[in-house]
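A quick write-up on the structure given underneath.
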């Protein structure tokens, strides 16, 4: 993080932290109570400190992205299990093999977004993904193809995993709290592209749709890549026919098949930047 000009004459916390590591070794200094509170991980991990940890996870990426000059992002959600076309023969199912084409579309879409964003004086349309494999890797890779940066919002999982190798290292973050990670996905988003995926992808899609549907978030393009996939797993019209959503809610997203189609849809999105005042059907 960038060192800001200090507005006060007090000693810096970094200095005291360093000094505290070079003190005489005594029973008193070895006691956990003697450690500086902000340098005591056991203390920070106490149950009562959860509100502080939530705040830290919100602040750290926010400060870093502000300092990096990130003005706006385009979020790319999608399955971690979708292989690159060259690896499709190792896919677990025939459907995953067929979906490998969306790896290439995700990579191309990220490249086009980044090329467009690089034409502006600020960092706009920066690709942000969950930082993992599959569609997320394709998004990070496409941004790198264009000579730009990408953001990776990783999360600690029980099984061993790491960010994909194409995420910009200085913009690669790791989270403990799903809720704070979700906030960072959407705080700068000017569009959301959703590729075929599983539970995580569905969760992220429906949470985004709900925020826009209820007027809690401005309308932005929501692009679903792969009409056949999405209409197979979700009966959208049945939701409207049942009255559990309004027919107008089906206008909050659009199906696309290619990166070029998605770019055109973003450019011509009706209602972009507006918040719903009234929820249709209520």
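Note on residue 232 and residue 174: the model spin-label points, each 7 Å out from Cα along the C-beta direction, lie 3.6 nm apart. To the nearest ten degrees, helix 50-68 and the longest principal axis of the Cα atoms of the chain are 70 degrees apart.
Mean residue ellipticity, 222 nm, helices only, the chain: the sum of -39500 (n - 2.57) across DSSP H runs of n ≥ 4, divided by residue count and rounded to 500, is -12000 deg cm²/dmol. Take each peptide in 59-68, 235-244, count the other Cβ atoms within 10 Å of every residue, and average; sorted highest first, the result is 59-68, 235-244. When the chain is treated as a GNM with alpha-carbon contacts under 10 Å, the residue of 146, 179, 189 showing the greatest mean-square fluctuation is 179.
So what's Rg/Rh here for segment 70-267, counting alpha carbon atoms and using the Kirkwood radius for Rh? Rg/Rh for segment 70-267 comes to 0.95.
Rounded, prolate or oblate: pick one for segment 94-151, where a ≥ b ≥ c are the square roots of the eigenvalues of its C-alpha gyration tensor, a/c under 1.5 means rounded, and failing that, prolate if a/b is larger than b/c, else oblate. Prolate. Extension gain, residue 48-residue 95: 0.36 nm per intervening residue step, less the Cα-Cα distance, totals 12.3 nm. With the simple model of a label 7 Å out from the Cα in the direction of the Cβ, residue 26 to residue 40 spans 1.8 nm.
With contacts taken as Cα pairs under 8 Å and at least 6 residues apart, the chain reaches a relative contact order of 16 percent. If you take the Cα centroid of segment 73-142 and the Cα centroid of segment 22-57, the two points sit 40 Å apart.
Taken along the Cα-to-beta-carbon direction at a fixed 7 Å, the label points for residue 81 and residue 120 span 3.6 nm. Highest mean packing first, where packing is the average number of other Cβ atoms within 10 Å per residue, the peptides 134-143, 70-79, 271-280 line up as 134-143, 70-79, 271-280. Computed extension length for residue 161-residue 183: 5.7 nm, one decimal, from 0.36 nm per residue of separation with the Cα-Cα distance subtracted. Protection proxy ranking for 84-93, 105-114, 163-172, using the average of other Cβ atoms within 10 Å per residue and placing the highest first: 105-114, 163-172, 84-93.
Length gained on full extension, residue 211 to residue 15: 66.2 nm, using 0.36 nm per residue less the C-alpha separation. At what distance in angstrom do the alpha carbon centres of segment 147-171 and segment 259-278 lie from each other? After rounding, the separation between the Cα centres reads 28 Å.
All of the numbers you see were taken from the coordinates with simple rules; none came from a lab. The structure presented is a predicted model; accordingly, all values stated were derived computationally and were not measured. Here Cβ is always computed from backbone atoms with ideal geometry, including for glycine, and neighbour counts include all displayed protein chains.
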